[in-house]
1. Which residues, taken from region 123-145, are in a loop (DSSP other than H, G, I, E, B) and either crowded, with 17+ Cβ neighbours inside 10 Å or among the polar types (S, T, N, Q) (or both)?
2. Hey, can you tell me all the residues within region 92-111 that are closer than 20 Å to THR74 by Cβ, over 19 Å from the mean Cα position of the chain (by Cα) and either buried (at least 16 other Cβ atoms within 10 Å of the Cβ) or among the hydrophobic types (A, V, I, L, M, F, W, C) (or both)?
3. When residues of region 53-78 are filtered for being over 16 Å from LEU141 (Cα atoms) and part of a helix (DSSP H, G or I), how many remain?
4. How many residues does region 61-74 contain that are in contact with a strand residue (DSSP E or B) (Cβ under 6 Å, 6 or more places away or on another chain) and farther than 11 Å from LEU152 by Cβ?
5. Go through (1) surrounded by 17 or more Cβ atoms within 10 Å (Cβ to Cβ); (2) modelled with pLDDT under 95; (3) among the hydrophobic types (A, V, I, L, M, F, W, C); (4) not in a loop (DSSP other than H, G, I, E, B) for ALA159 and report which single condition fails.
6. Checking ASN77 against (1) in contact (Cβ under 8 Å) with a residue 12 or more places away in the chain; (2) loosely packed, with under 14 Cβ neighbours inside 10 Å; (3) farther than 23 Å from LEU145 by Cβ; (4) not basic (Lys, Arg), which single condition isn't satisfied?
Amino acid sequence: MKIKIFTICMLCMALTFAGCKSGKKKDPLRSEYLKPASIDYSSKDSSEIKSLVDNYVENFKNKNFRVTSSMLYTLRNDSVLPLSEENKQKYIDVYSHMPIYDCAVKGMILRSDKNNEVQVAVQISPDGNIDAEKGITTFCLNPVLKDGKWYLTLLDEYAEGVESVYDKYKENQ
């Protein structure tokens, strides 16, 4: 009986180890997330980004969309520009019609001075739960460093310096 149990256990372990080395191709998008940042971030950079994002999320949660829209910038020809009045109004119109019950940062990936990702989860269902990822939607901010100052932009596949993330994802579709 002991030999039978021992044999079954050994067989299970062998199958487990064989399954771990299944030869599956690594997901290139996932490896992109695991790469270290290409620039060194100081504690000052980290605290500036955290402060910007926390301020944005708190205002978003309180539905202060005029304030959050004025915190957003866009990249154009290596310049960081505030959103145009037209884009601010579009932003306000979209989010003011959305039911918002809570808002929180779900994750942050810092890659470079222009290509970063802060995932923001928004609870849009009264019985939703951000931690359980129930009744939520997400969007991403892209903190950008220009002349020693951090700015928030919306993550956009057409923004300067961001195409590489989306291109790698599209290639593997």
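The values are calculated or read from the model by the stated rules, or taken from the named source; none is laboratory data. Remember, predicted model here, so these are calculated numbers, not experimental data. Cβ placement follows ideal geometry from the backbone for every residue including glycine, while neighbour counts extend to all protein chains displayed.
1. Within region 123-145, SER125, GLY128, ILE130, GLY135 meet the criteria.
2. ILE92, VAL94
3. Total meeting the criteria: 1.
4. 1
5. So ALA159 meets the others, but not (4).
6. That leaves (3) as the condition not met.
Yes/no matrix, rows are residues, columns are (1) out of contact with any strand residue (DSSP E or B) (no Cβ under 7 Å at 6 or more places or on another chain); (2) β-branched (Val, Ile, Thr); (3) part of a helix (DSSP H, G or I):
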residue: GLU48; (1), (2), (3): no, no, yes
residue: SER51; (1), (2), (3): yes, no, yes
residue: VAL80; (1), (2), (3): no, yes, no
residue: ILE100; (1), (2), (3): no, yes, no
residue: LYS106; (1), (2), (3): no, no, no
residue: ASP113; (1), (2), (3): no, no, no
residue: VAL120; (1), (2), (3): no, yes, no
